[in-house]
Amino acid sequence: MPGHDALKGLTSEQTGVELDGKFLLIKDGEPTDGTSGDLGYAKGALAINLSGSNAVNRAFVNVGTPVTPEWKFLQAGS
């Protein structure tokens, strides 16, 4: 993505790439749903959970909206 500063650019509001919000959430713990959850992330945004000792429930995708996120975990092969 030209003009972006790697991770900083991905975690900022995106323009001109057909996303309505931020693209990447990296945090300790699973992302949270609903109007009091992890807000501002576009539909299709990715979240990475850094906590835990194994790779279970580490990657998620927002199937909701930026104001009402619904994070679904990605299973291998799906």
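Derivation of every value follows stated rules applied to the coordinates shown; laboratory data play no part. Just so it is clear, the structure is predicted and the values come from calculations on it, not from any experiment. Neighbour counts are summed over all protein chains in view; Cβ atoms, including those assigned to glycine, are modelled from backbone coordinates with ideal geometry.
Note on LYS43 and ILE26: the model spin-label points, each 7 Å out from Cα along the C-beta direction, lie 2.7 nm apart. Length available on full extension from GLN75 to ARG58: 0.36 nm per residue minus the Cα-Cα distance, which gives 5.2 nm. With the convex hull of its Cα atoms as the shape, the stretch 24-78 has an orientation-averaged projected area of 3.4 nm².
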